[in-house]
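Down below is the structure, laid out as structure tokens.
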Amino acid sequence: MVRFKPLGFVLLTALPLSLVANASATEAPTFKAGFAERDVSPEVGMEQPGGYGKAYHQAFHDPCKVRAAVFDDGKTRVAIVGIDALFIRGATVAAARKAIKARCGIEPGSVLVSASHTHSGGPIGYFLPGELEDGDALVRTLVKEKTVIADPKYLAKVEGAIADAVCEADAAKVEARGGVAYGVEDKVAFNRRFTMKNGLTFTHPGQGNPDIVAPAGPTDPQVGVLGAWDAKGAFLGCIVNFACHATTGPGGISADYIHYIEKTVRGLMGEKAVVVFLPGMAGDVTQVDNRNPHQIKQFGEVSSRFVGGRVGAEAVKVLLALEQGTGPLAPLVAQTKHLAIPRRVPSPERLGHARELVAKDPKTVDPTEWTFAKELVVLDARIKREPVVDVEVQAVQVGPAVFLACPAEYFCQFGLDLKAGSKFPFTFPVSMANDSIGYVPTEEALGPGGGGYETRLTSYSNLTPKGGRTIADALIGLATGLKPGPVPAPPALPAFKGVPWAYGSVAPELD
Ligand SMILES: [Zn+2]
């Protein structure tokens, strides 16, 4: 009989001894954890952001939530927040951070807020009330009537809910023990970009397309999990980090597959557990497998349950493996840095053509061409106000784990680069965090042989090609300046002094 080693144990034993907590260390550091959540479901009839045009919610499937974890090492508090939303703008995060500072004193830079990128969430953007309203009449009309915009009432609800959840989690903090590990789920997420026979890269070329040569980028199958238990061993909650677009669309208002991660984790770990989901770098990764040879459902309820159920089950496996090796997760550190990254500028010829096209009735021209012409016109207005984007990058350390966050729909390769470049035993790449700056592809994707949906120049996605590398370098720089805390482990076994089990310490009895 082969004895199967649990995953967490395998990972812990693979770490340098210096990183493993010494059970005989003199004084254990303080570690407190608290979790809370709030409902931020939009109403049926509200705008459903998700594409470059308008859509409206017609049904309800499951609640969209804000889920918050607050950790405290006695010196520093950090708040890690996930929200079921397509994205979150910097102004919304700034308002929530300000309210949090006023109400429970956590420093604004120590609050990380990341949007799950559910395409079934509320009207949180893209454009905010008043934004681009000083533009010309054409731009104002295009933004208001043809582009995804935020609902001021919904924004106020989200800002309040983030502050409520963080302050409630802070007030609920108890003496805790934590653990961190990676699981692996490699059957639910696929790179959606492919090198084609024509030498270019296409996004979603179509299932079974014979012109597909190979995927143009990687996936990241690691499921990052940080769990927390109270002093008596009751499970409090966890953070789950996984890279896959939340585009399964189970039908109606929904957290998308994150709903099924939560359902799966709560099924075993308890209904009160809070499951904070942080999306990894999934700008080019979705649940759709363009190379699957079978007729299978890649959207809807079945797909949503498949992705969330499997990622959730993997998170449960990791938590079970961690449960007996928990300890204080310290130190806690949060650092932010601001980068100035220029936008790509459309040529005057392209812009002129776009202006001519948007003047026409969208019904009389190619709707895709019209939509992206509209995007160029709106981008031009944006560039006039803000030619250079202020990009906040953030590192939040929780003991042996570091969360490296940026506001991009960042390509998966960058997430792998962050993991490779960070000396932390556990690195959680977090996208869509603290603001929204659109797709940020690799330089390769924006170079010869590149292309595809994410490289289109729009009011949403428009950083210059080196932007992605600049963000990665800055995040690795932040991680490099931090010293990983010890990885909790079960107490070391004392030297063997006993006797073998008397029933079992015998030679075979053949007669
Ligand atoms: Zn996306």
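The values are calculated or read from the model by the stated rules, or taken from the named source; none is laboratory data. Because the structure is a prediction, the values reported are computed rather than measured. Note that each Cβ is placed from the backbone with ideal geometry, even for glycine, and that neighbours are counted across all protein chains shown. Ligands, DNA and RNA are excluded from the accessible area calculation, which covers all protein heavy atoms including side chains. Shrake-Rupley method; radii C 1.70, N 1.55, O 1.52, S 1.80 Å.
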task: May I ask you to say which residue of ALA420, ALA492 is modelled with pLDDT under 95 and open to solvent by 60 Å² or more (accessible area, probe 1.4 Å)?
output: ALA492
field: ARG97 being open to solvent by less than 30 Å² (accessible area, probe 1.4 Å), among the basic types (Lys, Arg) and more than 16 Å from the ligand (Cβ to nearest atom)
entry: yes
query: For the subset of the range 281-308 comprising residues that are assigned to a loop (DSSP other than H, G, I, E, B) and within 13 Å of the ligand (Cβ to nearest atom), which member is nearest to PHE71 (Cα to Cα)?
result: MET281
message: Out of PHE428, PHE424, I need the residue that is within 23 Å of PHE242 (Cα to Cα), part of a loop (DSSP other than H, G, I, E, B) and away from the ligand (no atom under 16 Å from the Cβ). Which one?
response: PHE424
- line: Just one listed residue, out of LEU268, LEU278, LEU200, is buried (at least 21 other Cβ atoms within 10 Å of the Cβ) and at pLDDT 95 or above, and it is LEU278
Hits in the range 185-216 (condition: assigned to a loop (DSSP other than H, G, I, E, B), among the charged types (D, E, K, R) and under 19 Å from THR247 (Cβ atoms)): GLU185, ASP186, LYS187, ARG192
field: Evaluation of ALA55 against (1) within 16 Å of the ligand (Cβ to nearest atom); (2) under 16 Å from the mean Cα position of the chain (by Cα) (one fails), failing number
entry: (2)
query: Do we have any residue at all in the range 49-56 that's within 29 Å of VAL143 (Cα to Cα), modelled with pLDDT of 95 or more and among the small types (Gly, Ala, Ser)?
result: no
message: Kindly evaluate LEU319 against the criterion of being open to solvent by less than 30 Å² (accessible area, probe 1.4 Å), of a type outside the set (Ser, Thr, Tyr) and over 17 Å from the mean Cα position of the chain (by Cα).
response: yes
message: Could you check the range 442-490 and list, in sequence order, the residues that are away from the ligand (no atom under 16 Å from the Cβ), more than 30 Å from SER110 (Cα to Cα) and in contact with a strand residue (DSSP E or B) (Cβ under 6 Å, 6 or more places away or on another chain)?
response: GLY450, GLY451
message: If GLY130 satisfies all but one of (1) within 16 Å of the ligand (Cβ to nearest atom); (2) open to solvent by 30 Å² or more (accessible area, probe 1.4 Å); (3) of a type in the set (Gly, Ala, Ser), what's the number of the condition it fails?
response: (1)
statement: Result of the Cβ filter at 6 Å on the range 291-311, keeping first residues that are touching a residue at least 40 places away in the same chain (Cβ under 8 Å) and partners that are in a loop (DSSP other than H, G, I, E, B) and open to solvent by 100 Å² or more (accessible area, probe 1.4 Å), at least 6 apart or interchain, is SER303/LYS297
query: Is it true that some residue in the range 399-408 is under 28 Å from GLN222 (Cβ atoms), surrounded by fewer than 19 Cβ atoms within 10 Å (Cβ to Cβ) and within 16 Å of the ligand (Cβ to nearest atom)?
result: no
task: Evaluate the range 103-116: report whether one residue or more is out of contact with any helix residue (DSSP H, G or I) (no Cβ under 6 Å at 6 or more places or on another chain), open to solvent by less than 20 Å² (accessible area, probe 1.4 Å), more than 14 Å from GLY160 (Cβ to Cβ) and more than 16 Å from the ligand (Cβ to nearest atom).
output: yes
